[in-house]
Amino acid sequence: MSMKIEVNISYLYSSAEHHYFTRKKFDVGDAETFEHDRLMLETNRGIKGDRFEFSKYPITFMSEEVMREVCKALALSYKPSLFRRNIVISGINLNQLIGKRFSIGSVEFEGLEHCAPCTWMNAVLSKGAYRLMSGRGGLRVKVIKDGYLKRGTNCLQTADNFELLNPLQALQKPKIP
């Protein structure tokens, strides 16, 4: 792999139950979110026991920079578990990993697509969260090669070379003439 980027993984989460799917609109649910120091991520499976295990998009990353900005803009205490993403990372614009393979430690991933927020975020956080997260909701990935992911400073490697964007920059929608 030719590009190495120092990133920090601040939080690792899993939850066996959904807060959004199968619930009435804006019923935020009370399923427990578990915080981990390290997680075993399994190929084509994700996190054992997580609500998205075996799904098309088993893992979600979210930028800590975006989470902090959203909380600051809404005058909220910073509580990253409320965002319901598995991996909270800083030091990379996650949108730049869409369609790319990359590794962190021994785990290899494929960035599948932007993890668009839903209006449910307004109920969980505060009115305006959905708008603030638009284009910056995170990254859906699948695990290509399993291994352990740990909290702390890590090296993200990819064969793709690109100029690093600010982690706060939103995904740009194509302009239609």
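For the reader, a short list of remarks on this structure follows.
- ALA129 fulfils the conditions (1) over 16 Å from ASN44 (Cα atoms); (2) modelled with pLDDT of 95 or more; (3) not basic (Lys, Arg) except for a single criterion, (2).
- Residue check for GLY135: at positive phi, of a type outside the set (Val, Ile, Thr) and over 17 Å from the mean Cα position of the chain (by Cα): no
- Flag for GLY152 being modelled with pLDDT of 90 or more, within 24 Å of HIS36 (Cα to Cα) and either crowded, with 16+ Cβ neighbours inside 10 Å or among the hydroxyl-bearing types (Ser, Thr, Tyr) (or both): no
For every residue, the table says whether it meets (1) crowded, with 18+ Cβ neighbours inside 10 Å; (2) in contact (Cβ under 8 Å) with a residue 40 or more places away in the chain; (3) in contact with a strand residue (DSSP E or B) (Cβ under 6 Å, 6 or more places away or on another chain).
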| residue | (1), (2), (3) |
| --- | --- |
| GLY111 | yes, no, yes |
| TRP120 | yes, yes, no |
| VAL143 | yes, yes, yes |
| ASP146 | no, yes, yes |
| GLN172 | no, no, no |
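- Residue-level check: of (1) in contact with a helix residue (DSSP H, G or I) (Cβ under 9 Å, 6 or more places away or on another chain); (2) crowded, with 16+ Cβ neighbours inside 10 Å, LEU168 misses just (2).
The values are calculated or read from the model by the stated rules, or taken from the named source; none is laboratory data. In this text the structure is predicted, and so the values were computed from the model without any measurement. Ideal geometry is used to build each Cβ from the backbone, glycine not excepted, and the neighbour counts take in all protein chains shown.
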